[in-house]
2 protein chains.
Amino acid sequence: MTNGQQRDVALVGGGVIGLSCAWRLAAQGFRVRLIDPAPASGASHVAGGMLAPVAEAWPGEEALLELGAASLRRWPDFAAELSAASAGPSGLNEHGTLVVAVDNADREQLDALAEHLDSLGRKVTGRTSRELRGIEPTLGPSVRAGLEVPGDLSVDNRTALAALRRAAEAAGVEFVARSASRVRPGAVELDEDVLHCDVVVVTAGVRAPELHPDLAGLVRPVKGEILRLRTRPTALPPPARTIRGPVHGRQIYLVPRTDGLVIGATQYESGFGTEVTVGGVRDLIGDAERLLPGIGEYELVEANAGLRPATPDNLPLIGWLDTGVLVATGHHRNGFLQAPLTAEAVGELLCERRPPAETEPADPARWKGH
Amino acid sequence: MTNGQQRDVALVGGGVIGLSCAWRLAAQGFRVRLIDPAPASGASHVAGGMLAPVAEAWPGEEALLELGAASLRRWPDFAAELSAASAGPSGLNEHGTLVVAVDNADREQLDALAEHLDSLGRKVTGRTSRELRGIEPTLGPSVRAGLEVPGDLSVDNRTALAALRRAAEAAGVEFVARSASRVRPGAVELDEDVLHCDVVVVTAGVRAPELHPDLAGLVRPVKGEILRLRTRPTALPPPARTIRGPVHGRQIYLVPRTDGLVIGATQYESGFGTEVTVGGVRDLIGDAERLLPGIGEYELVEANAGLRPATPDNLPLIGWLDTGVLVATGHHRNGFLQAPLTAEAVGELLCERRPPAETEPADPARWKGH
């Protein structure tokens, strides 16, 4: 299945993308080493785990929608195989998503989203506040209107990461708990020595630009703040579906877990800081309570921030960077969503086959000489 | 200094009271063993560290005020000795306290406090909003009036606990990292064996009633929720003084640290749960921002809850419980404040001398046969 020259693969970066690629490549017969001092930490550990290409569609980003939708189609099979390979749950939640609005400006934003999706031939269903409360009874009285997007799903990111690790180990992936400082064709420079291989795959996130000069300027950190909540015996149960809003213009998402809820928002702050501010937490709680008032009774378990690797056009970077150097990074808020398709594309590229058509706009060659 | 029969002391419980007693007793020449599976954790680790008997004075609780004031007078010397004995900072902050009000009902509460203190011969100074902002420039515009209580201080609880551990170790205290299940004259029952000594001192907090039948019903847990904030380079500095409010009737305190602020409030919940609720955090942040609006820019480092050991009359229990069994617990919100006086009283009792007069109302004999 693979040619003799490319059987030995070293991946640098063990988030959801690195783990997914490692598992799938090992299952295809490659020798795989995954280099990360702390796999399954970083942005993937903090993530909300939304699989929501449709609710996040934006005019001008049709290629991103197609890529996300193609990966989402693969998620049910990916999850089933992951569950079998890891002998445990994958974390996939196949309930859908509601996008809701609390004021007229928010409602206009929803109308614009519905119109845009309609123009692409993707119908979503408008819902009245009454219909919405029929679907999710714990929605608050401030919620005035919404869209039902049954195909946008979610995954418990920590359950999925744990399953990916077990599946990767079972498939024979070797975990190398070291820091990589640089990659070049056939080699990964570690702190004090060099690991040799046939092909390097850069699956690091926000630190990817440090690994290879061609990535400089192509990946920047975008902070996402997250609260993790746990239900209490006296509190209302979490919703079945992901609830997203603009709340007075601020984007927020509430992603259910079996025992609670993950609440998140993107903070357009630059830099590598992951501190969570008092004001950020105040706004997250305030906006979330507008949508689900009952969560005041929930336990606040964790407040955290992750750094998503964003690219200038919001599309990831999936493809050959150099002879013997593949890249799969820049997945921004969509690492979990795009993981199945990315792993498939990397497998195809390593076998010298064409990757799925939806990943072609993600070829890093688009930035050649930027 | 001590008689032959009482030289060997075992303390059960290594919070601020247990550590303070252990250090002082060892320094007086006793053999001291401190039994706690995790010293310096629990409520003492979570505490705000206010040393504020005056700002918390309440009609009918004059004995509590006298006890607190007597212990506060000992704090500067206690801190200096602690610093010397531990070769490090004690954490004492000798800036005072402002009690502020944001609405008319809050102001009436302050007037009542000032009147009550005046009737006891303790003068506090009323301040206008303008004067208050002259003293602490980062106070918010909602603050309408206040009282200056320069004598009410604070201590960085974690710095003090670390110093107490070092001082206790240096004085020869033996730390026994075990769980005690029961105490009786001359013996502490551990999980699988028994530790023998001359005198047992129960310095456990909310679990004290499990150790001795006479404590049943005398100590109950009262939850206190705490947020720990850290300044950021772009944010305003923390105030020098403790800022306390009623904010629309809700009590809140903001206790400065060198690098930030501890914000707390008492939740009148029963039970042994230490989870922090979303609604609790929302209210703490909202009320704190009314007093110090600049803290929205601070980093939220920790949200936590502690269980204070409260007694029916809010006075601690300091005295002989039984032949060979002393008790020093029930310090409620005042463990750090009352630690110096409590340690002194325990030392006097062990030497068969009268403890300081202010601790006499704390004699557990007052509940005999309750």
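The values are calculated or read from the model by the stated rules, or taken from the named source; none is laboratory data. Just so we're clear, the structure is a prediction, and the values are computed from it rather than from any experiment. Every residue, glycine among them, receives a Cβ derived from its backbone with ideal geometry; neighbour counts consider all protein chains shown. We work out accessible area using only protein heavy atoms, side chains counted, and drop any ligands, DNA or RNA first. Shrake-Rupley method; radii C 1.70, N 1.55, O 1.52, S 1.80 Å.
Below, the figures for the structure above:
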read-out	value
Meets criteria (surrounded by fewer than 18 Cβ atoms within 10 Å (Cβ to Cβ) and under 18 Å from residue B:253 (Cα atoms)) for residue B:77	no
Total residues in segment B:53-81, condition in a loop (DSSP other than H, G, I, E, B), under 14 Å from residue B:342 (Cβ atoms) and among the aliphatic types (A, V, I, L, M)	0
Residue list for segment B:207-261, restricted to those being away from chain A (no Cβ under 14 Å), of a type in the set (Gly, Ala, Ser) and over 17 Å from the mean Cα position of the chain (by Cα)	B:216, B:217, B:240, B:245, B:249
Number of the condition not met by residue B:185 [criteria: (1) open to solvent by 60 Å² or more (accessible area, probe 1.4 Å); (2) in contact with an Asp or Glu (Cβ under 8 Å, 6 or more places away or on another chain); (3) without any contact (Cβ under 8 Å) to a residue 40 or more places away in the chain]	(3)
Condition met for residue A:273 (surrounded by fewer than 19 Cβ atoms within 10 Å (Cβ to Cβ), in a helix (DSSP H, G or I) and within 14 Å of another protein chain (Cβ to nearest Cβ))	no
Members of segment A:276-291 that are touching a residue at least 60 places away in the same chain (Cβ under 8 Å) and either facing another protein chain (nearest Cβ under 9 Å) or surrounded by fewer than 22 Cβ atoms within 10 Å (Cβ to Cβ) (or both)	A:288, A:289, A:290
Test for residue A:333: is it at pLDDT below 95, more than 10 Å from chain B (Cβ to nearest Cβ) and on the phi < 0 side of the Ramachandran plot	yes
Residue match in segment A:317-329 (condition: more than 10 Å from every other protein chain (Cβ to nearest Cβ), touching a residue at least 24 places away in the same chain (Cβ under 8 Å) and within 19 Å of residue A:161 (Cβ to Cβ))	yes
Residues that are open to solvent by 10 Å² or more (accessible area, probe 1.4 Å), farther than 23 Å from residue B:213 by Cα and outside any helix (DSSP H, G or I), drawn from segment B:293-350	B:299, B:300, B:301, B:302, B:303, B:304
Test set (1) open to solvent by 30 Å² or more (accessible area, probe 1.4 Å); (2) under 25 Å from residue B:332 (Cα atoms) - residue B:104 fails condition number	(2)
Segment B:110-134, residues that are under 22 Å from residue B:290 (Cα atoms) and crowded, with 17+ Cβ neighbours inside 10 Å	B:110, B:113, B:127, B:129, B:132
Matching residues in segment B:225-263 - criterion: being assigned to a loop (DSSP other than H, G, I, E, B) and either of a type in the set (Lys, Arg) or at positive phi (or both)	B:232, B:241, B:248, B:249
Candidate set from segment A:188-213 (those that are open to solvent by less than 60 Å² (accessible area, probe 1.4 Å), without any contact (Cβ under 8 Å) to a residue 12 or more places away in the chain and out of contact with any helix residue (DSSP H, G or I) (no Cβ under 8 Å at 6 or more places or on another chain)); member that is nearest to residue A:312 (Cα to Cα)	A:189
Close pairs (7 angstrom Cβ cut-off, 6 or more residues apart or separate chains): of a type in the set (Ser, Thr, Tyr) in segment A:129-157, part of a helix (DSSP H, G or I) anywhere	A:138/A:294; A:142/A:290
Pair list, Cβ < 9 Å and 6+ apart or interchain, from segment A:233-249 residues that are assigned by TED's automatic domain parsing to the domain that holds residue A:107 and of a type in the set (Ser, Thr, Tyr) to residues that are assigned to a loop (DSSP other than H, G, I, E, B) and surrounded by 15 or more Cβ atoms within 10 Å (Cβ to Cβ)	A:242/A:48; A:242/A:52; A:242/A:55; A:242/A:95; A:242/A:96; A:242/A:152
